[in-house]
Amino acid sequence: MKYVDEFRDGALAKNLAASIAREVCERSYSFMEFCGGHTHAISRYGVTDLLPPNVRMIHGPGCPVCVLPIGRVDMAIELALEHGATLCTYADTVRVPASDNLSLQKAKARGGDIRMVYSAIDALALAQQHPEKQVVFFAIGFETTTPPTAVVIKQAKALGLKNFSVLCCHVLTPSAISSILESPEVRQYGTVPLDGFIGPAHVSTVIGSRPYEFFAEEYRKPVVIAGFEPLDVMQAILMLVRQVNENRAEVENEFTRAVTRDGNLKAQNLVAEVFELRREFEWRGLGLVPYSALKIRREFADFDAELRFPLTYRAVADNKGCECGAVLRGVRRPWDCKLFGTVCTPENPVGSCMVSSEGACAAHYTYGRFKDIEVVSL
Ligand code: SF4
């Protein structure tokens, strides 16, 4: 298949659904789609409705906006409001709820110089155009967005910029998967039965499929890396069902058109040159996860906003009643939260999972919230 429409072909989807239905046994199957892109695709294209009732998809913590803890957003707001920095970040980040009923968007309304950018390079360009301003790039995201941040830090150093820095909040996918597999819900209580993972698409183009081999070998969990189109996801589910039926736990790659075993070595080397592992990092929903994020290396310390400005990280609990933490761990579903669709909507998100279209709550609100409501004719 060459064109995107072919990956959304309804007839092929029905064939795949029939294959899945034919191959499932009596048992139940629970698969976690780690990545928010898959969550979005599953909701948008109604993939769940094409699956047999004993195949359950569990949303994972792979939406970069959803896992950003309140304390980190507070730091960004502090940079803009108290230190007078021009803060640049990706669009969805500005709507993530923070402390004191604030968000970056609301901080902008209070006079903070907060800009939405499409890429890290836009933030660097702004710093070059305005040498009188301190420009900070609020860098979030998994391994997909990390290499561009590394590039701008290297460029800023090469240019000798004195007014550009990065608030680094880049996180690592394999650490999050380990945290889920080690969580009490999976290991002790069995409240989140996990039979396998749909592995991320974009992240895997960078890190390759090799890092998932550990999960297949050590935890006996199959992983199938899949693209973001509905047929990709359904093919991955069929491959996972087959692995479970055959008692196999391997890493398989459905997304061969973009992912290799070793990934993008150039990008990996670039990231290793600029960043090192943080000892621990707080994730929304997962808590403190050891060695799960990156910080800027000492050689590039001049471009580290956490060193340039007097900032301290303070952990902040989620809004009372918000179930984002449990949703991100797969323990609760969006509609289990009593705020879902009432006080919490994409226009007025109370929790982070309602912000980005990749968040489990936003995806379900946008594409699935009415499907559970019984339709009555008058
Ligand atoms: S509905 Fe809103 S508050 Fe509830 S879990 Fe989802 S994002 Fe959080």
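The values are calculated or read from the model by the stated rules, or taken from the named source; none is laboratory data. All values reported here derive from a predicted model rather than from experimental measurement. No Cβ is skipped: glycine too gets one built from the backbone with ideal geometry, and neighbour counts run over all protein chains shown. What goes into the accessible areas is simple: the full protein's heavy atoms, side chains included, and nothing from ligands, DNA or RNA. Shrake-Rupley method; radii C 1.70, N 1.55, O 1.52, S 1.80 Å.
Does region 254-267 hold any residues that are over 26 Å from Ile237 (Cα atoms) and open to solvent by 40 Å² or more (accessible area, probe 1.4 Å), and which are they?
So the first thing to find is which residues in region 254-267 are over 26 Å from Ile237 (Cα atoms), and the list is 265-267.
Matches in region 254-267: Leu265, Lys266.
It is to be established whether one or more residues within region 313-320 are surrounded by 14 or more Cβ atoms within 10 Å (Cβ to Cβ) and farther than 23 Å from Ile180 by Cα. Spell out how you get there, then give the answer.
Going residue by residue through region 313-320, those that are surrounded by 14 or more Cβ atoms within 10 Å (Cβ to Cβ) are 316, 318-319.
From what is left, the residues that are farther than 23 Å from Ile180 by Cα are none.
Scanning region 313-320, I find no residue that is surrounded by 14 or more Cβ atoms within 10 Å (Cβ to Cβ) and farther than 23 Å from Ile180 by Cα, so the answer is no.
With respect to Glu282, is the statement that it is away from the ligand (no atom under 15 Å from the Cβ) and open to solvent by 50 Å² or more (accessible area, probe 1.4 Å) true?
For Glu282, the condition - away from the ligand (no atom under 15 Å from the Cβ) and open to solvent by 50 Å² or more (accessible area, probe 1.4 Å) - is not met.
Kindly provide the set of residues from region 319-340 that are near the ligand (Cβ under 8 Å from one of its atoms) and in contact with a strand residue (DSSP E or B) (Cβ under 6 Å, 6 or more places away or on another chain), ordered by number.
Pro334
Give me a count of the residues in region 130-177 that are at positive phi and in contact with a Cys (Cβ under 9 Å, 6 or more places away or on another chain).
Final tally of qualifying residues: 1.
Could you look through region 218-247, keep only residues that are polar (S, T, N, Q) and open to solvent by 40 Å² or more (accessible area, probe 1.4 Å), and pick out the one that is farthest from His38 (Cα to Cα)?
Our first condition is that a residue be polar (S, T, N, Q); within region 218-247, this holds for 235, 243, 245, 247.
From what is left, the residues that are open to solvent by 40 Å² or more (accessible area, probe 1.4 Å) are 235, 245, 247.
Values: Gln235: 13, Asn245: 23, Asn247: 25 Å.
Result: Asn247.
State yes or no: is Val206 touching a residue at least 40 places away in the same chain (Cβ under 8 Å) and in contact with a Gly (Cβ under 7 Å, 6 or more places away or on another chain)?
Taking the combined requirement at face value, the residue satisfies it.
Looking only at residues that are buried (at least 19 other Cβ atoms within 10 Å of the Cβ) and not hydroxyl-bearing (Ser, Thr, Tyr) in region 203-217, which one is farthest from Phe142 (Cα to Cα)?
Ala216
Determine, yes or no, whether Pro310 is more than 12 Å from the ligand (Cβ to nearest atom) and surrounded by fewer than 13 Cβ atoms within 10 Å (Cβ to Cβ). Talk me through it step by step, then tell me what you get.
Numbers: more than 12 Å from the ligand (Cβ to nearest atom): yes; surrounded by fewer than 13 Cβ atoms within 10 Å (Cβ to Cβ): yes.
So Pro310 fits the description; yes.
Ala360: away from the ligand (no atom under 16 Å from the Cβ) and surrounded by 24 or more Cβ atoms within 10 Å (Cβ to Cβ), yes or no? It would help to see each step written out before you state the result.
On the way: away from the ligand (no atom under 16 Å from the Cβ): no; surrounded by 24 or more Cβ atoms within 10 Å (Cβ to Cβ): yes.
It is false that Ala360 is away from the ligand (no atom under 16 Å from the Cβ) and surrounded by 24 or more Cβ atoms within 10 Å (Cβ to Cβ).
Tell me yes or no: at least one residue of region 101-114 is among the aliphatic types (A, V, I, L, M) and closer than 16 Å to Asn163 by Cα.
Taking every residue of region 101-114 in turn, at least one turns out to be among the aliphatic types (A, V, I, L, M) and closer than 16 Å to Asn163 by Cα.
From Leu270, Leu294, grab the single residue that is of a type in the set (A, V, I, L, M, F, W, C) and surrounded by fewer than 24 Cβ atoms within 10 Å (Cβ to Cβ).
Leu270
For region 314-359, give me each residue that is in contact with a Leu (Cβ under 9 Å, 6 or more places away or on another chain), at pLDDT 90 or above and among the polar types (S, T, N, Q).
Result: Ser352, single match.
What's the number of the only condition in (1) near the ligand (Cβ under 8 Å from one of its atoms); (2) open to solvent by 80 Å² or more (accessible area, probe 1.4 Å); (3) of a type in the set (S, T, N, Q) that Ser352 fails to meet?
Unmet condition: (2).
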